Each structure stands twice: as C-alpha cells, then as structure tokens.
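Encoded as structure tokens, the structure appears first; notes follow it.
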Amino acid sequence: MLDFLQLNMLDFKELASAFIVLFAMIDVTGLCPIAIDIQQKSGPINAERAAIYSLSILLLFLFVGNMVLELFGVDIHSFAIAGAIIIFIIGFEMTSGVEIIRYSDGPKGSSTLVPIVFPLIAGAGTFTALLSLRAEFHIINIIAALILNIAVVYVVLKNVHLLEKLLGAGGIYILKKFFGIILLAIAVKLFTSNLTELLSLF
C-alpha cells in the first residue's frame, strides 16, 4: 500500500502547486459568505461532516475517475487540456468578476451536504482539477494537497464568522483576485505541457 502511494515521491513543490490549484478551485474565500448566509437561514453547518464527506468523495473520484475516462476512451492528457480550459475560465471569473459558468445550488436538503459539500467543495471544477493534476504530479502529492485543503475547509467552516471579521469584505475580495491570477498561470502551464505530450505521440 505504501509503495502504491509512492511516499518516496513526496515533493514540496508539487504539493504546493497542487495545493494552490485545489485551493483556488474549492475557493474557500468564496465559500465564506455563502456559508455565513446558509447558517443564518438554516442553522449551523456541521464542519466535521462536511470535511469527511468532501474528502471521501474527492479521494474516490481521484482513483476511479481515470477508470471512467478509459471506459470512454479518453486519455489523461486530453482530459487535462480540457480541465486546463475550465480552470482558466474559473480563474478568469475570479479576476474579472464576469460570470461564465452558472452554478446550481442543487436540490433542497441538508445545508451541510447541499450545497456545501456538493457542488461548492466537491464539484465539477474540483473533479476536473484532480484528474488534470494526475497528468502532472505524483499521486501522493495530490493526496497530501487534498487533505491539507480539506483541513483548511474544516477550519474555515468551523470559524467562518471569525474569519469574516478578520479579513473583512476587502480582504476576501483581494484574496479571490490573487488566487484567480495564480489559477490562470497554472492553467496555462497545464495546457501547454499536456499539449506537448499529445503532439509528441504523433
């Protein structure tokens, strides 16, 4: 099991890059005002359940997602390019304030599960990012980055009102713009590197 996870491949640079991509895709700063609004309308959010469910869903997709791609005859590099385009669009949304992708709040239900876990944390963007990252980084670095991100999500959901007071509307706005720019740069890197891999096959 340890060999499968390739613990000897743990690399800080890869971990940091994967962390930033997932952090931007999950958009914890954007989650704050939504979580505050939900808590005001439907009561407290269970941070423990949200973290456990999100991590379980994302880890499952990280391992099974590639099998699904093979079932449809799509290689990881092609999917990574498609994922890079989506990541670029989301980064553009974060930096420009222009809405391109419309997100649904999902069906009525538990506020912890819908919309906090899905689609806000474990949504299409995060799924795409995970499979895109698999084309670039070792699996152990992605898992570590995912666990760290879910830990951040847990802390934020547990202390969302405190974070709102600490950062303020201006602080949250600046963070979204900053991580949006980083997301754009990483999307370009994912696109160019995987396009090179695809072209080398011909």
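Here the condition is being surrounded by fewer than 17 Cβ atoms within 10 Å (Cβ to Cβ), of a type in the set (Val, Ile, Thr) and at pLDDT 85 or above; of Val117, Val152, it holds for Val152 alone.
Restricting region 178-193 to residues that are over 13 Å from Phe88 (Cβ atoms) and not small (Gly, Ala, Ser), the residue that is farthest from the chain's Cα centre (by Cα) is Phe178.
Restricted to region 33-62, and to residues there that are without any contact (Cβ under 8 Å) to a residue 24 or more places away in the chain and open to solvent by less than 70 Å² (accessible area, probe 1.4 Å), the residue that is farthest from Gly123 (Cα to Cα) is Asp37.
The residues of region 120-149 that are small (Gly, Ala, Ser), modelled with pLDDT under 90 and either under 13 Å from Leu59 (Cβ atoms) or more than 14 Å from the chain's Cα centre (by Cα) (or both), listed by number, are Ala122, Ala135.
Considering only residues in region 186-202 that are part of a helix (DSSP H, G or I), free of Cβ contacts under 8 Å to residues at least 12 places away in the same chain and of a type in the set (S, T, N, Q), the one that is nearest to Ala129 (Cα to Cα) turns out to be Thr192. Screening the candidates Leu162, Leu183 for the property of being open to solvent by 80 Å² or more (accessible area, probe 1.4 Å) and part of a helix (DSSP H, G or I) yields one hit, Leu162.
The values are calculated or read from the model by the stated rules, or taken from the named source; none is laboratory data. Everything numeric here is computed off the predicted structure, so don't read it as measured data. So basically every Cβ, Gly included, is an ideal-geometry build from the backbone, and we count neighbours across all protein chains shown. When the accessible area is computed, the model is the full protein with side chains, heavy atoms only, and any ligands, DNA or RNA have been set aside. Shrake-Rupley method; radii C 1.70, N 1.55, O 1.52, S 1.80 Å.
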